[in-house]
Every structure is written in structure tokens, then in C-alpha cells.
Amino acid sequence: MAVEKFETALKKLEDVVKKLEGGELSLEDSLKAFEEGVKYSAFCSKKLNEAERRVELLVKQRDGSLTTRPFEDEE
């Protein structure tokens, strides 16, 4: 899979889902599409995890200065 951008992979994943939901594919083609979708899903998940690790929140201090702190999951 030669996808380098999250947006491209997400669009291709959406296209695969539409094909599968359409119900027009044979069983063999459905399995191939599903395998392709799993690859795109894994790629998107990896990119999202990488982005989450890089996100830092800017926090304004009382004195007006800005500091950074790591992104923390609210869950």
C-alpha cells in the first residue's frame, strides 16, 4: 500500500466501505475489499496515534506567558 497521507487513506477506506455496503460484490471481491479496508484502517489508526503523541496544548499562565504540556486523553 503506497498511501502516504491520512486523508488519502481515509477516502480510500470510505470508498471500500461504500462498495461493501452496496452489496454488489461477489464473495471473493468482498473479501479482497475487506482486506484492503483493514489495511487502510490500520494505516489511519497508526497516523492518528502518531498525531496524538505529537499534540501539545498551549496553556496561558496567569502572567500571560504560554507554556506547553503533553496532550492527555480525557477518558
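Name the pairs: first residue in the range 27-54 and of a type in the set (D, E, K, R), second residue open to solvent by 70 Å² or more (accessible area, probe 1.4 Å) and assigned to a helix (DSSP H, G or I), Cβ to Cβ under 9 Å, at least 6 apart or on different chains?
Every condition considered, the pairs that remain are ASP29/LYS19; GLU36/LYS12.
Can you tell me which residue among LEU10, LEU25 is crowded, with 16+ Cβ neighbours inside 10 Å and not basic (Lys, Arg)? Show your work before the answer.
Values: LEU25 fails: crowded, with 16+ Cβ neighbours inside 10 Å.
Answer to the selection: LEU10.
When you go through (1) modelled with pLDDT of 95 or more; (2) open to solvent by 60 Å² or more (accessible area, probe 1.4 Å) one by one for SER45, which number turns out not to apply?
(2)
The values are calculated or read from the model by the stated rules, or taken from the named source; none is laboratory data. Here the structure is a predicted model, which is why all the values come from computation and not from measurement. For neighbour counting, all protein chains shown are included, and Cβ atoms are generated from backbone atoms with ideal geometry for every residue, glycine included. Only protein heavy atoms, including side chains, enter the accessible area calculation; ligands, DNA and RNA are left aside. Shrake-Rupley method; radii C 1.70, N 1.55, O 1.52, S 1.80 Å.
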